[in-house]
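Each remark here refers to the structure printed beneath this line.
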Amino acid sequence: MPRSFWQRRFYDFDVWSGNIPSNVAPVIINAGASYTFGNWRWPVEIGGSIRHVGQRYLFEDDLTAMLPYTTVDLFAFMDIPGRDLYWQGLDKMRVGFRVRNLTNAVYAQFSDPGYPDQVYLGAPRTFELSASAKW
């Protein structure tokens, strides 16, 4: 049976060419740990995490690579029981402090294959202060 124009044109096309799809890192490592000082009047939890993302490619041709990167985050939380709060209707309040990207690394976080000459940079060092309450 004869093939149509489109069947002939894409007959040898193979999506699985052996190249790595864009933005797919062969190695991604996430690790974290925390410790809670629970015997204090106001329990405090401190911890950190590390994330490593290996080399990725901008496009399926595997010609342009985004370099691997590693980021480190640190955090601390303090739980204040309701008996020590001014507002007596609250059961407890959690106050937190977090530092994201501690080393202030500059890294390419993502690329869009439709725009092969552009990348999204990851967030710089960021400090966060938070509070949450339970009632």
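The values are calculated or read from the model by the stated rules, or taken from the named source; none is laboratory data. Keep in mind the model is a prediction, meaning the values are calculated, not measured. Positions of Cβ are backbone-derived with ideal geometry, glycine not excepted, and every protein chain shown enters the neighbour counts.
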>> What pairs come out if I take residues in the stretch 94-108 that are among the charged types (D, E, K, R) and pair them with residues that are surrounded by 14 or more Cβ atoms within 10 Å (Cβ to Cβ) whose C-beta lies under 7 Å away, six or more apart or interchain?
In response: ARG94/PHE77; ARG94/ASP79; ARG98/ASP73; ARG98/PHE75; ARG100/ASP73
> Within the bounds of the stretch 25-32, is there any residue that is β-branched (Val, Ile, Thr), modelled with pLDDT under 85 and within 28 Å of LEU58 (Cβ to Cβ)?
Replying inline: no
> If you go through the stretch 10-23 one residue at a time, do you hit one that is outside any loop (DSSP other than H, G, I, E, B) and of a type in the set (A, V, I, L, M, F, W, C)?
Replying inline: no
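Yes/no per residue for (1) under 28 Å from SER111 (Cβ atoms); (2) of a type in the set (A, V, I, L, M, F, W, C):
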{"site": "ALA33", "(1), (2)": "no, yes"}
{"site": "TYR57", "(1), (2)": "yes, no"}
{"site": "PRO68", "(1), (2)": "yes, no"}
{"site": "GLY82", "(1), (2)": "no, no"}
> What are the residues in the stretch 113-135 that are assigned to a strand (DSSP E or B) and surrounded by 14 or more Cβ atoms within 10 Å (Cβ to Cβ), if any?
Replying inline: VAL119, ALA133
